[in-house]
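For reference, the structure discussed in these notes is given below.
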Amino acid sequence: MKPFMFKGLRKANGLLLGVLLTSFASTALAQVEVKVEDPWVRATVPNQPATGAFMRLTANEDVKLVRVNSPVAAKTELHEMSMKDGVMTMKPLASLELPAGQPVILDTHGYHIMLINPKEQIKEGATVPLTLTVVDENGNETSVKVDAPVRPLASGDDLPD
């Protein structure tokens, strides 16, 4: 003879398991979104050793930009440019924080992406493919594909408002 209590407990456990699985599936399906606005790459002259990529990034949750890849360059790096006492310095960054809902601008005056040792001249009017990799607080990676148009070598340094 089976006590009624165990039958009810099994139903409760089944319901709890269903709720947990649904919750897990919803969490697993939630994905980081990074909005990319006004991407562009500065054109190069023949044999130029590097150029920059610029854009505005807005993530829907706190993430870090940890990597950028492009088939047009031997190496890519995140950089920060700054001026101190009239001297410009540039240094590579391991990552770049993208706070939820706050635009982060990559421009010629601060953060930017360096495309080092381009495999060939990057010409005005071309498009440069970039893959941005962001990591959330749980270590989950998301790739963001960007096609950045190439602007003239002497193009303006700021993103449009």
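The values are calculated or read from the model by the stated rules, or taken from the named source; none is laboratory data. Everything numeric here is computed off the predicted structure, so don't read it as measured data. Here Cβ is always computed from backbone atoms with ideal geometry, including for glycine, and neighbour counts include all displayed protein chains. With ligands, DNA and RNA removed, areas are computed over all heavy atoms of the protein, side chains included. Shrake-Rupley method; radii C 1.70, N 1.55, O 1.52, S 1.80 Å.
State whether the residues of the stretch 53-65 include one that is modelled with pLDDT of 95 or more and aromatic (Phe, Trp, Tyr). Yes, the stretch 53-65 contains at least one residue that is modelled with pLDDT of 95 or more and aromatic (Phe, Trp, Tyr). For the stretch 47-72, the tally of residues that are part of a loop (DSSP other than H, G, I, E, B), out of contact with any Asp or Glu (no Cβ under 8 Å at 6 or more places or on another chain) and either open to solvent by less than 80 Å² (accessible area, probe 1.4 Å) or under 9 Å from LEU132 (Cβ atoms) (or both) stands at 2. Residue selection: LEU78 fails the criterion of being out of contact with any Pro (no Cβ under 8 Å at 6 or more places or on another chain), modelled with pLDDT of 95 or more and either closer than 15 Å to VAL146 by Cβ or surrounded by 16 or more Cβ atoms within 10 Å (Cβ to Cβ) (or both). Pull out all pairs, ordered by first then second residue, where Cβ-Cβ is under 9 Å, the residues are six or more apart or on different chains, the first lies in the stretch 109-123 and is closer than 20 Å to ASP38 by Cβ and open to solvent by less than 40 Å² (accessible area, probe 1.4 Å), and the second is of a type in the set (Ser, Thr, Tyr) and outside any strand (DSSP E or B). These pairs meet every condition: ILE113/SER70; LEU115/THR44; LEU115/SER70; ILE122/THR44.
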